[in-house]
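Reading through the structure tokens given below for one structure.
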Amino acid sequence: MKKIFIPILVLISVQSFGQLKLYAENRKIDNTIDSFYIRVPLLDSIRNSSGVALYPTVESLRDYYQPVFPASFGQFIRYADGIYRNARYYIGYPITVIPIYADAGVNLVLTDQPNSEQPLANSQRSGVRVTSYQATQARLTCIVMALSASVNSPRLYFQYSTDGVNWTGDGTLGNISLSSTGAKETAWIDLPGGAIGDVYVRVAQNGGNGTADPALGNVTIQFR
């Protein structure tokens, strides 16, 4: 007996439910923002903790469906406006501040600052041992109280050392000019590989004329 196959075309109607977009933001260390959506399907009903079916409103979806984020983005929190944000969106990235000079009553005077390189105020006491594994960038801040009239571009800059004796850093990545007064800081400097770890850091100076005496207020090295 010959079998006869009769193709039957069956049309299946599929109702496409809409989707809700949950909006999220991730602020990065360079202060740019990654923005992206997490899509949540709209279901026929959502039940609360008592088993009561809820209409799938935006609010109920936000309450009962938490978005899943890549672990690299860290922890997200839903704020009052309904946007999920990395907490660092508001608190920023933690900054470690290392005071190099912090006397609120007496200026640090760079007496007869020479043109050649010296540690800050020609003193080795400003070197600090730090652990910088958590950091990727550093910057130097300073309040210049009295300027230098040197024509040699007097300045301060950040240095690091693995042994506290041999120092690296010539200010080309960032420095603070002593040719004018005021609160100043370098840009955030990407840390070289040698500056990450258990290292020494200090502030160095050069560009004086051997006569001028620039004076400083607060001086710090900051890591983030």
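Worth a mention:
- Flag for residue 153 being on the phi > 0 side of the Ramachandran plot and either surrounded by fewer than 21 Cβ atoms within 10 Å (Cβ to Cβ) or not assigned by TED's automatic domain parsing to the domain that holds residue 218 (or both): yes
- The listed residues are 189, 196, 176, 143, and the only one of them that is over 22 Å from the mean Cα position of the chain (by Cα) and either in the same structural domain as residue 213 (by TED's automatic domain parsing) or surrounded by fewer than 18 Cβ atoms within 10 Å (Cβ to Cβ) (or both) turns out to be 143.
- Of all residue pairs spaced 6 or more apart or on separate chains, those with beta-carbon atoms under 7 Å, a first member in segment 203-222 that is more than 11 Å from residue 156 (Cα to Cα) and a second member that is among the charged types (D, E, K, R) and at pLDDT 95 or above are 210/112; 211/112; 213/112; 222/139.
- Verdict on residue 171 being assigned to a loop (DSSP other than H, G, I, E, B), modelled with pLDDT under 95 and either surrounded by fewer than 17 Cβ atoms within 10 Å (Cβ to Cβ) or within 24 Å of the chain's Cα centre (by Cα) (or both): yes
The values are calculated or read from the model by the stated rules, or taken from the named source; none is laboratory data. From a predicted model like this one, the values you see are computed outputs, not experimental measurements. Glycine also receives a Cβ, built like all others from the backbone with ideal geometry; neighbour counts cover every protein chain displayed.
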